[in-house]
Each structure stands twice: as C-alpha cells, then as structure tokens.
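Just below is one structure, and these are the notes that go with it.
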Amino acid sequence: MRNLRFIISYDGTAYCGFQIQPNGVTIQGEIEAAVFKLTGESVKVISSGRTDAGVHARAQVINFVTQSAIPLERWCLALNGRLPNDIAVLHAEEVPLSFHARRAAKRKTYCYTIRRARFPDIFHRHYELHHPRKLDVEAMREALPCLVGEHDFTSFCTVRTDKEIRVRTVFEAYLEVQEERQFGTEANEQIRIFLTGNGFLYNMVRIVVGTLLQIGEGKRSSGDMKRILEACSRKAAGPTAEAVGLMLWHVEY
C-alpha cells in the first residue's frame, strides 16, 4: 500500500464543488474516475478542504492510498492525460500511510480577487468579481487587522453550517492593489484579499469579502468590522460575495 500526495490546480467554474455529490460533476469525482481509468482501483480522494461550487484552487493538496506500483514520476502525466483540461496535477510524492491531507494541514491561504473597473475583463471573468463602482480601498484595508487572531467567526459563517465550534485562528489578513490602464484614461484596479488561517468556516471568506465591499462602498465604516465580529451573528455581517473571485491559494503542513 502506498499513500500518495498531490498538488493540484483547477478551474471550479463548471463544477458543483470539490466533494462528490449524488447529482453533479465534482473535482473529487473527476480525479477518482481518472485514477480508476489508470489503475482499475476505486480510491477515496482526501483533500485539504472542500471548495464550493465555482471556487478555484491554485494549489489544492490531496492524497489517496493505492496498491499501484506505477513509478512516482509517471503519476502527474498519467493523470493529466485522463483528466478534463480544467484540472491539472502539478506534483506527486509518497508520504507515510498516516498522512491525511485535511487533518495534517496547519495553515491555509485563500485569495479573493476583485476587478474595480467600468467594464469587465472577459478573459478573467471566471477568476475575479467585476465591481464597476469606486471602492474606498484604504477603508477596506483598515478593516482587516481586527480579524487576525483567535476569534469566534459566527458572524462570518453561513447559518447552514454543521460546525458547532466556530472558533478559528486567522494568522494573516491583508489586501493588495494593482493598477492597470487600458483603452482610455480610467485606471482599473485589481484588488486581492488574502486570508491565512488554521481553518475556515463555510462561506467565511466570501462573507468577509461581502462585508468589505460594503465598507468600500461607504455603506459601513472600517470600524464596523470589529463590531460585526464581536456580535457573533450572521445577520450583523454583509452579504456572501460571489464564488467567482475565490481561490484556494496555498496549504502548509
């Protein structure tokens, strides 16, 4: 028996999320089908986290146990030849049988991308949220530090969650802006929001982003973020931002 760990990337646009579902195409389902085509085995793929429908991954980590003797250096090419072109296996390694991609993860980083521009960029429409109106980026940036540390994140968790314990630790929360100027004088802004934590609740990053957008639009102040966090009520926070701009960026072990 061998336990193999892989780094994969995927465009989640066409999928109902990572986890297998009864009626829907999923990332896990496609990978397990590719392994079956390659080895004839029905494996169970474990991931570092279950991304939702429409959410992407730059460096998702998965593992599964196999009896196959295929050399390690052949796995990536072999699986990529059997996977859809919106899923790619980037790296493979053998790990101890005790390794579990989700339980062993220490830190995860998510990135949410917003394009602040009058018109959308059609070539990046699956990977960033288009926002045509002006945003107060500095107010958004000032709202983030209060999220760092160990907190009860109930306010930023969907009411549909099955998690009873909603305390998580956020290690980093910051915002980057890159200006672009195309076809005229108006500058476009690509805004990236990064959150690194030991784990995330269901829709946590997207609700944080939805709240930040309200702050950027002037509907809330940057100081409201701390009050929302302390309220421990989903009703206190802003809307859930669309899945389109969210990407699992990095996982650390």
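The values are calculated or read from the model by the stated rules, or taken from the named source; none is laboratory data. Since this is a predicted model, take the numbers as computed values, not measurements. All Cβ positions, even for glycine, are placed from backbone atoms using ideal geometry, and neighbour counts span all protein chains on display. Remember, those area values only see protein heavy atoms, side chains included, never the ligands or the DNA or RNA. Shrake-Rupley method; radii C 1.70, N 1.55, O 1.52, S 1.80 Å.
Filtering the stretch 54-70 to residues that are open to solvent by less than 50 Å² (accessible area, probe 1.4 Å) and either assigned to a loop (DSSP other than H, G, I, E, B) or of a type in the set (Val, Ile, Thr) (or both) leaves Gly54, Val55, Val61, Ile62, Thr66, Ser68, Ile70. Looking at this structure, is Thr26 crowded, with 17+ Cβ neighbours inside 10 Å, free of Cβ contacts under 8 Å to residues at least 24 places away in the same chain, closer than 30 Å to Phe194 by Cβ and hydroxyl-bearing (Ser, Thr, Tyr)? Judged against the criteria, Thr26 is a match.
When Val208 is tested against (1) crowded, with 16+ Cβ neighbours inside 10 Å; (2) hydrophobic (A, V, I, L, M, F, W, C); (3) more than 27 Å from Arg103 (Cβ to Cβ), exactly one condition is not met: (3). If you take the residues of the stretch 110-164 that are farther than 27 Å from Arg50 by Cβ and of a type in the set (Asp, Glu), which of them is least open to solvent (accessible area, probe 1.4 Å)? By that ranking, first place goes to Asp121. Just one residue in the set Val159, Val95 is within 30 Å of Val65 (Cα to Cα) and of a type in the set (Val, Ile, Thr); that residue is Val95.
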